[in-house]
1. So residue 94 ticks every box in (1) surrounded by 20 or more Cβ atoms within 10 Å (Cβ to Cβ); (2) near the ligand (Cβ under 8 Å from one of its atoms) but one. Which box is left unticked?
2. Scan region 18-45 for residues that are polar (S, T, N, Q) and closer than 21 Å to residue 58 by Cβ and report the count.
3. Name every residue in region 131-148 that is among the basic types (Lys, Arg) and under 18 Å from the mean Cα position of the chain (by Cα), in order of residue number.
4. Looking at 106, 121, 111 in this structure, which one is among the basic types (Lys, Arg) and within 16 Å of residue 26 (Cα to Cα)?
5. What number of residues in region 107-119 are without any contact (Cβ under 8 Å) to a residue 60 or more places away in the chain, farther than 12 Å from residue 72 by Cα and either in contact with a Cys (Cβ under 9 Å, 6 or more places away or on another chain) or not acidic (Asp, Glu) (or both)?
6. Does residue 93 meet the test of being farther than 22 Å from residue 146 by Cβ and in contact with a strand residue (DSSP E or B) (Cβ under 8 Å, 6 or more places away or on another chain)?
7. Given the criteria buried (at least 22 other Cβ atoms within 10 Å of the Cβ) and free of Cβ contacts under 8 Å to residues at least 60 places away in the same chain, does residue 83 qualify?
8. From the list 111, 140, which one is farther than 26 Å from residue 20 by Cβ, away from the ligand (no atom under 13 Å from the Cβ) and at pLDDT 95 or above?
Amino acid sequence: MIIRRYVPDDLDGLIALFHASVRRIAIKDYTEAQVKAWAPDDPDRERWTVRRASRPTWVAEIDGALAGFTDLEPDGHVDMMFVHPDHQGRGVAGALLRQVEAEAARLGLGRLFTEASITARPFFERKGFRMIAPQTVSVRGQDMVNYRMEKLLR
Ligand SMILES: CC(C)(COP(=O)(O)OP(=O)(O)OC[C@H]1O[C@@H](n2cnc3c(N)ncnc32)[C@H](O)[C@@H]1OP(=O)(O)O)[C@@H](O)C(=O)NCCC(=O)NCCS
């Protein structure tokens, strides 16, 4: 597995990975209507392009194929953490988070925070995040529960 910086040519692969991860993995914890709202069949490519360009994003590659991705906003917010269904449970997210933590240390950030899905909460807990509070968010008309979580870095 290699971890490298996202490049714009990765965009379609990233969107496809996100779609598969939500539809096939997060479906364990959310309804079909919820995952369809979260990862719609007609993604807003322009919005994805702008968001990826606005913050560092890292991808994990296994045998040349995208296996996962994550990002880090300047305030310590980890917006995305998604692993392909074929590569679950093999340390891909752990490796991506190590990259995020290395960058956070370089930037002198004191804290990482995220809104973890029900599916991702055990992963983030395992990696030292604590749950601040559950919350309900509305995504394209669907109410969904996730967890505000944080990890203090110093
Ligand atoms: C959550 C997710 C990113 C985890 O990715 P992953 O690559 O399978 O996680 P890893 O293999 O790196 O796991 C790292 C550690 O977390 C633990 N862990 C991961 N998922 C877990 C779970 N569901 N329950 C318990 N422990 C879990 C692993 O056991 C591992 O522990 P270790 O470091 O002691 O070996 C992945 O399941 C996913 O893509 N989920 C669907 C999309 C999603 O909901 N993303 C989050 C949006 S906020």
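The values are calculated or read from the model by the stated rules, or taken from the named source; none is laboratory data. Note that the structure is a prediction, hence the values are computed from the model and not measured. A quick note on method: Cβ atoms are made from the backbone with ideal geometry, for glycine too, and the neighbour counts reach across all protein chains shown.
1. (1)
2. The qualifying residues number 1.
3. 148
4. Testing whether each residue is among the basic types (Lys, Arg) and within 16 Å of residue 26 (Cα to Cα) leaves just 121.
5. Initial filter on region 107-119 (without any contact (Cβ under 8 Å) to a residue 60 or more places away in the chain): 107-116.
With farther than 12 Å from residue 72 by Cα added as a condition, the list becomes 108, 110, 115-116.
Adding the requirement that they be either in contact with a Cys (Cβ under 9 Å, 6 or more places away or on another chain) or not acidic (Asp, Glu) (or both) leaves 108, 110, 116.
Selection size over region 107-119: 3.
6. no
7. Details: buried (at least 22 other Cβ atoms within 10 Å of the Cβ): yes; free of Cβ contacts under 8 Å to residues at least 60 places away in the same chain: no.
Against the criterion (buried (at least 22 other Cβ atoms within 10 Å of the Cβ) and free of Cβ contacts under 8 Å to residues at least 60 places away in the same chain), residue 83 does not qualify.
8. 111
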